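Visitor: Next up is a structure, given as structure tokens.
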Amino acid sequence: MTRDATIAEAQAFIDGPSLSESLAQVATNDPGRVYLRDQGEPITAGELDHMVNHAVGTLREHGVTAESRVGLALQVGADHVVLIFALLRMGALWLPLNTQLKGEPLRYQLGDSGATHVITLMNGQLADELPWADRMHELGAMAQTAHRLGIAALTSGEDHRRNADRAQASLLMYTSGTTGPPKGVLVTEAMMKAAIFGAIEVTRPEPDDVFFVWEPLFHIGGAQVVFLPLYREIALALVPRFSASRFWDQVRESGATHIHYLGGVLQILLQLPESPSERDNHVRMAWGAGATPEVRSACQNRYGFELNECYGMTEASSVITVNRHEPEGGVGAPFPWVQIEIDPQSQDEPEDSQTGPDPDTAGLARQADDGGAAGTHGELIVRGLIDGMLTPGYLGKPEATAKARDGKWFRTGDYGYLDQRGNVHFTGRGSDSIRVRGENVSTWQVESVLGLHPDVGRCAVVGVKAEVGEQEMLLVMTEAEGRSLDPAEVLTWAAERLPAFQVPKYARVIAEMPLTPSQRIAKHRLSRELEGAVRG
């Protein structure tokens, strides 16, 4: 298929029936096809559509309308999927919430979003944490589960965002918040469908494939997978949460052919002792984001499946590149309906800058097939060649929207370069660069190596004040399960594998790493104090 034909196909997919209409069509045309299995229990397309209609009626009885903004704070499961479809069918705004939110982070997201209702477990932790709420009203199970769900109406609090323009968004998804307060990304249904089309392009599913779904549905990577059976004859295998110790047994029992990874999940799995179940299964492909070349190599040697690395972000319809199992391919080539260029002039632009060069006049390094300057480093900027691919903006944050939406381009805040074949190579977040003794150090690159130390569970590198000069690096680590960490030994190990300017000066072990909903490390929550740290 030619590039133009592929672009036209993507546009037609996005312009086609809505997600809710597509479910109704599948339920009519193939009602007995299994759509998902919730911990082994099958639910067909016909049953799912019936449950969605029932949920719509129940939500209306509790005051939910097309103008409502409804938080879903639920684990992965059939109830969650039913409610997602119900909100889409009603036209209400779907607001995914991390089930572990509490205190100020919970109040912030509820206030910033202008949430009108929250649905969660009746006896769950989040139910007791809800501010400004009437008592929980029981909804009961939306699917064939024993979960007792409840709905709370939020009656007061910081409700000024309720008047903020949702710009036809169906979904309000909060950014990871790795460097500051999360921002609410306005996600339209067109963006969701572009994400689904991209996921299909990456995974190329075949009839009767099974996608293993552990990832939280409050992350775009999990949310897009929910809709794949609308467009391909596949099924979803749902489990409530990620469990490293049970992962391969669950994968084998479910008959999964595809697994998705986010953040440091692959590193966690590689830390486990080898077991027969990690090879004795039907998986032929892992796909996702966050696998460094070292991790890719380790997975290929140990597991044997194809590993497709992607790049993307919520603001640009999730996945926009794919590297199909090429060791030197970076994060891969952009999809035909996406244009990625490099802005070298923003290479050293500080994170909090409110202005930047005009991408239309800044002398961009274009993709190699356009004859541009391959190898130039700078900020990755993205443009969609189909309508509706980029977010309308961030809810109630016009300054942040103006900074990110630079005309027809989206400024990602990520840095990298394009090789001669047009592949994108990611070198780190703009906020993850630390100036050490005159050198700009990508902490992502340092973490990629140190995360492979056998005793390290999770690790992060942050900047701290230097005695002389700009900054030094502090390595913060947790211990791998069943292991014991010696920070001094880790720094010695790092010195054997990294250039001197990339070796952290300090190292500290902590009990638990603060994580974002996408399982990335929330660096802004890490202490920069050096008390108790080992000096290299």
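The values are calculated or read from the model by the stated rules, or taken from the named source; none is laboratory data. Quick caveat: nothing in here was measured; it's all calculated off a predicted structure. Glycine also receives a Cβ, built like all others from the backbone with ideal geometry; neighbour counts cover every protein chain displayed. For the accessible areas, the whole protein counts, side chains as well, though only heavy atoms, and no ligand, DNA or RNA atoms are used. Shrake-Rupley method; radii C 1.70, N 1.55, O 1.52, S 1.80 Å.
Visitor: When you go through (1) in a helix (DSSP H, G or I); (2) within 26 Å of residue 132 (Cα to Cα); (3) at pLDDT 95 or above one by one for residue 70, which number turns out not to apply?
Guide: Among (1) in a helix (DSSP H, G or I); (2) within 26 Å of residue 132 (Cα to Cα); (3) at pLDDT 95 or above, residue 70 violates only (1).
Visitor: Here is a further query. Looking at segment 52-59, is at least one residue touching a residue at least 60 places away in the same chain (Cβ under 8 Å), open to solvent by less than 60 Å² (accessible area, probe 1.4 Å), closer than 30 Å to residue 337 by Cα and in a helix (DSSP H, G or I)? Spell out the reasoning first.
Guide: Residues of segment 52-59 that are touching a residue at least 60 places away in the same chain (Cβ under 8 Å), as a first pass: 54-55, 58-59.
This time we only want the ones that are open to solvent by less than 60 Å² (accessible area, probe 1.4 Å), so: 55, 58-59.
Still in the running and closer than 30 Å to residue 337 by Cα: none.
Within segment 52-59, not a single residue is touching a residue at least 60 places away in the same chain (Cβ under 8 Å), open to solvent by less than 60 Å² (accessible area, probe 1.4 Å), closer than 30 Å to residue 337 by Cα and in a helix (DSSP H, G or I).
Visitor: Follow-up question, since we're still on this one. So the check is Cβ under 6 Å with 6+ separation or different chains; which pairs have a first residue in segment 513-535 that's open to solvent by 60 Å² or more (accessible area, probe 1.4 Å) and a second one that's in a helix (DSSP H, G or I) and among the charged types (D, E, K, R)?
Guide: Short answer, once both residue conditions are applied: none.
Visitor: Can you confirm whether residue 14 is over 30 Å from residue 105 (Cα atoms) and assigned to a strand (DSSP E or B)? Before you say what the answer is, go through the steps one by one.
Guide: On the way: over 30 Å from residue 105 (Cα atoms): yes; assigned to a strand (DSSP E or B): no.
Taking the combined requirement at face value, the residue does not satisfy it.
Visitor: Which numbered condition trips up residue 47, out of (1) closer than 30 Å to residue 249 by Cα; (2) more than 26 Å from the chain's Cα centre (by Cα); (3) not in a helix (DSSP H, G or I)?
Guide: Among (1) closer than 30 Å to residue 249 by Cα; (2) more than 26 Å from the chain's Cα centre (by Cα); (3) not in a helix (DSSP H, G or I), the lone unmet condition for residue 47 is (3).
Visitor: Can you say whether residue 196 is among the β-branched types (Val, Ile, Thr), open to solvent by 10 Å² or more (accessible area, probe 1.4 Å) and part of a helix (DSSP H, G or I), as far as the supplied structure shows? Steps first, answer last, please.
Guide: On the way: among the β-branched types (Val, Ile, Thr): yes; open to solvent by 10 Å² or more (accessible area, probe 1.4 Å): no; part of a helix (DSSP H, G or I): yes.
Considered against the rule, which asks whether it is among the β-branched types (Val, Ile, Thr), open to solvent by 10 Å² or more (accessible area, probe 1.4 Å) and part of a helix (DSSP H, G or I), residue 196 comes out as no.
Visitor: Mind checking which pairs have a first residue in segment 111-129 that is of a type in the set (Asp, Glu) and a second that is part of a loop (DSSP other than H, G, I, E, B), Cβ under 6 Å, 6 or more apart or different chains?
Guide: The qualifying pairs are 129/102.
Visitor: Can you report the number of residues in segment 309-337 which are surrounded by fewer than 21 Cβ atoms within 10 Å (Cβ to Cβ) and in contact with a Pro (Cβ under 9 Å, 6 or more places away or on another chain)?
Guide: 2
Visitor: Can you work out which of the residues in segment 16-32 that are under 26 Å from the mean Cα position of the chain (by Cα) and in contact (Cβ under 8 Å) with a residue 60 or more places away in the chain is nearest to residue 48 (Cα to Cα)?
Guide: 23
Visitor: Further, regarding this structure: Out of segment 215-241, which residues are assigned to a loop (DSSP other than H, G, I, E, B) and open to solvent by 10 Å² or more (accessible area, probe 1.4 Å)?
Guide: Once the filter is applied, which keeps residues that are assigned to a loop (DSSP other than H, G, I, E, B) and open to solvent by 10 Å² or more (accessible area, probe 1.4 Å), segment 215-241 yields 216, 218, 219, 231, 232, 233, 239, 240, 241.
Visitor: Same structure, new question: Kindly check whether there is at least one residue in segment 121-131 that is in a strand (DSSP E or B) and of a type outside the set (Lys, Arg). First the steps, then the outcome.
Guide: Residues of segment 121-131 that are in a strand (DSSP E or B), as a first pass: 121.
Within this subset, residues satisfying the condition of being of a type outside the set (Lys, Arg) are 121.
Among the residues of segment 121-131, at least one is in a strand (DSSP E or B) and of a type outside the set (Lys, Arg), which makes the answer yes.
Visitor: Of all residues in segment 291-308 being polar (S, T, N, Q) and touching a residue at least 40 places away in the same chain (Cβ under 8 Å), which is surrounded by the fewest Cβ atoms within 10 Å (Cβ to Cβ)?
Guide: Keep residues of segment 291-308 that are polar (S, T, N, Q), which gives 292, 297, 300-301, 308.
Subset that is touching a residue at least 40 places away in the same chain (Cβ under 8 Å): 292, 308.
Numbers: 292: 19, 308: 22.
Within segment 291-308, the match that is surrounded by the fewest Cβ atoms within 10 Å (Cβ to Cβ) is 292.
Visitor: Further question on the same structure: Do we have any residue at all in segment 405-412 that's closer than 12 Å to residue 473 by Cβ, open to solvent by less than 20 Å² (accessible area, probe 1.4 Å), β-branched (Val, Ile, Thr) and part of a strand (DSSP E or B)? Spell out the reasoning first.
Guide: Narrowing segment 405-412 to residues closer than 12 Å to residue 473 by Cβ: none.
Looking through segment 405-412, none of the residues is closer than 12 Å to residue 473 by Cβ, open to solvent by less than 20 Å² (accessible area, probe 1.4 Å), β-branched (Val, Ile, Thr) and part of a strand (DSSP E or B).
Visitor: Please determine, by comparing only the residues of segment 246-271 that are surrounded by fewer than 17 Cβ atoms within 10 Å (Cβ to Cβ) and without any contact (Cβ under 8 Å) to a residue 60 or more places away in the chain, which one is farthest from residue 292 (Cα to Cα). Even if it seems obvious, please write down each step before you answer.
Guide: In the first step, residues of segment 246-271 are kept if they are surrounded by fewer than 17 Cβ atoms within 10 Å (Cβ to Cβ); the result is 246, 249, 253, 255.
With without any contact (Cβ under 8 Å) to a residue 60 or more places away in the chain added as a condition, the list becomes 246, 249, 255.
On the way: 246: 24, 249: 25, 255: 27 Å.
Selected residue: 255.
Visitor: Does segment 268-299 hold any residues that are more than 23 Å from the chain's Cα centre (by Cα) and not in a loop (DSSP other than H, G, I, E, B), and which are they? Explain how you work it out, then say what you get.
Guide: Start the filter on segment 268-299 by keeping residues that are more than 23 Å from the chain's Cα centre (by Cα), which leaves 272-282.
Selection gives 276, 277, 278.
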